[in-house]
Amino acid sequence: MKGSCFTTAVAATVLVAMLGTAAARMTPRQIYKTKADGVVLIVAAPKGASSASAGSGSIIAPDGTIVTNFHVVMNPDTRRPFESIHVFLKPRKVTGDMNKDLTRHYTARVLAWDEALDLALLRMDRPPRNLTVITLGNPDDVGPGDETMAIGHPEQGGLWTITTGVIGTEFENFKGVPGKHVFQIETSLNRGNSGGPLFDVRGYQIGVNTAIARKGAGGVAITGVNFALKSSVVKE
């Protein structure tokens with residue numbers, strides 16, 4: 001079953017991350033400098049398609065294993081992964097010129113997915129050595145009012161953009177999905193951030209940025225209401 005495969009694959013991948021030691025508090029600049037290289041741009045599409053889905057992801061193992069949202073790599077027509085998936089690593093310096101920024105390109109394949117939890121595990125084909133690996137932290141170490149940071153690729157914004165904010169509240173079994181535990185955050189997210197990491201001030205990934213709320217009843221705009229799956233959901 002897809003869910004069981006996902007759980008087994010993640011457990012094998014993140015065992016070392018679960019044994020991480022305590023880390024000192026870091027500034028957003030320090031987190032960006034040390035963690036941004038572990039964030040990838042993901043572009044997925046059917047073979048031969050002229051349009052594609054794009055999102056973010058985190059490298060969680062030296063072998064090029066990546067965690068992201070399933071909706072980033074899911075074909076909505078088949079509810080299965082797209083046939084063509086490409087991963088881009090961060091350049092030494094982000095310039096805003098895609099011809100320069102998107103030269104470190106690799107193909108990838110989906111190892112496992114869980115549509116209900118909106119999670120997918122990918123692996124890069126022939127990844128380079130010395131990848132920056134992001135450690136999955138314990139979301140129980142943080143709560144409402146704690147500072148968080150997101151790195152990703154927001155629509156109409158720059159690639160590898162960092163945003164900051166705080167946790168607003170927490171939900172268990174979000175929208176009735178068993179095991180889908182999330183943080184509500186004011187940390188700015190937009191389309192393109194999906195699948196990217198949410199960090200605590202120690203630089204641990206405590207969430208997978210997943211959803212945004214933008215319109216309420218009667219079309220009234222909603223701001224500052226965004227959601228990240230807790231990293232414990234990935235581990236479980």
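The values are calculated or read from the model by the stated rules, or taken from the named source; none is laboratory data. Since we're looking at a predicted model, the values are computed, not measured. No Cβ is skipped: glycine too gets one built from the backbone with ideal geometry, and neighbour counts run over all protein chains shown.
Before moving on, here are some points about what is shown:
- Pairs where the first residue, in region 33-52, is in the same structural domain as PHE88 (by TED's automatic domain parsing) and the second is in a loop (DSSP other than H, G, I, E, B) and among the charged types (D, E, K, R), C-beta under 7 Å, 6+ apart: ALA36/LYS90; ASP37/LYS90; VAL39/LYS90; PRO46/GLU83; LYS47/GLU83
- Search result, residues across region 62-77 that are more than 11 Å from the chain's Cα centre (by Cα), buried (at least 21 other Cβ atoms within 10 Å of the Cβ) and of a type in the set (A, V, I, L, M): VAL73
- Yes/no for SER53 being among the small types (Gly, Ala, Ser) and touching a helix residue (DSSP H, G or I) at 6+ places or on another chain (Cβ under 8 Å): yes
- Restricting region 45-60 to residues that are of a type outside the set (S, T, N, Q) and more than 20 Å from ILE134 (Cβ to Cβ), the residue that is surrounded by the most Cβ atoms within 10 Å (Cβ to Cβ) is ALA45.
- For region 175-219, the tally of residues that are assigned to a strand (DSSP E or B), crowded, with 24+ Cβ neighbours inside 10 Å and of a type outside the set (A, V, I, L, M) stands at 7.
- Index of the failed condition, GLY168 passing every other in (1) in contact (Cβ under 8 Å) with a residue 60 or more places away in the chain; (2) out of contact with any His (no Cβ under 9 Å at 6 or more places or on another chain): (1)
- Screening THR148 on (1) in contact with a Gly (Cβ under 7 Å, 6 or more places away or on another chain); (2) over 15 Å from VAL67 (Cβ atoms); (3) in a loop (DSSP other than H, G, I, E, B); (4) polar (S, T, N, Q) shows it passes everything except condition (3).
- Top-ranked residue of region 136-174 - restricted to ones that are among the β-branched types (Val, Ile, Thr) and within 16 Å of the chain's Cα centre (by Cα), ranked as surrounded by the most Cβ atoms within 10 Å (Cβ to Cβ): ILE151
- Just one of the listed residues (GLY158, GLY143, GLY165) is outside the structural domain of ILE42 (by TED's automatic domain parsing), more than 24 Å from ALA24 (Cα to Cα) and at pLDDT 95 or above, namely GLY158.
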